[in-house]
Amino acid sequence: SSLTGLSPNTTYYVRAYATNANGTSYGTQYSVVQPYDTLPTFMYNGHTYKVAPDPGPSMTWSTANTYCNGLELYGYSDWRLPTQNELYQMYVDRNSIGGFDYLTYWTSVTSCNGTFPYGFIYFSGSNAGTYNCANASSTCHVRPIRQVN
């Protein structure tokens, strides 16, 4: 049997069971943690990047940046928001990376234009794959990355 859709750095507990006329009997409990090596990767500009899962609710750019810069996952603390070009490559590779369930994702851009400083990319809808700008109170989702090589 295989398990899919597990979040990295999360411990799951599994055990077999059987039920019949005499009741239910349980097997040995095992713990399972998704290994770092199974995190999705993408290539950009000759480098390989690991992609962490979306942490959950949408957030402002400032909150997203703080989250990524403070993320400690699998013993690594060099996670960050992707650049505009890195995030676009993630958009191109979105099917193999997986987990892009929301409309918009933040880039690390802080000078998008004079009125709306923060950059994001649409991952679905009629604007899918396009870059846009947002203000400080806007919210998007985030996929932290770290460069492997």
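Points to keep in mind about this one:
- Residue check for V109: over 13 Å from the mean Cα position of the chain (by Cα) and either more than 30 Å from A16 (Cβ to Cβ) or free of Cβ contacts under 8 Å to residues at least 12 places away in the same chain (or both): yes
- Just one of the listed residues (G99, G46, G114, G119) is over 12 Å from I145 (Cβ atoms), out of contact with any Lys or Arg (no Cβ under 9 Å at 6 or more places or on another chain) and at pLDDT below 95, namely G114.
- Those residues of segment 121-149 which are more than 16 Å from the chain's Cα centre (by Cα), assigned to a strand (DSSP E or B) and closer than 13 Å to Q84 by Cα, in sequence order: Y131, N132, C133
- Test: S96 is more than 12 Å from V142 (Cα to Cα) and in contact with a Pro (Cβ under 9 Å, 6 or more places away or on another chain): yes
- Taking segment 31-111 and the helices (runs of 4 or more DSSP H) fully enclosed by it, the elements with 1 or more residues that are of a type in the set (G, A, S) and open to solvent by less than 70 Å² (accessible area, probe 1.4 Å) are at 61-70.
- Count of segment 119-149 residues, restricted to those that are under 24 Å from G70 (Cα atoms), of a type in the set (S, T, Y) and open to solvent by less than 60 Å² (accessible area, probe 1.4 Å), is 1.
The values are calculated or read from the model by the stated rules, or taken from the named source; none is laboratory data. Given the structure is predicted, the values throughout are model-derived calculations rather than measurements. For neighbour counting, all protein chains shown are included, and Cβ atoms are generated from backbone atoms with ideal geometry for every residue, glycine included. With ligands, DNA and RNA removed, areas are computed over all heavy atoms of the protein, side chains included. Shrake-Rupley method; radii C 1.70, N 1.55, O 1.52, S 1.80 Å.
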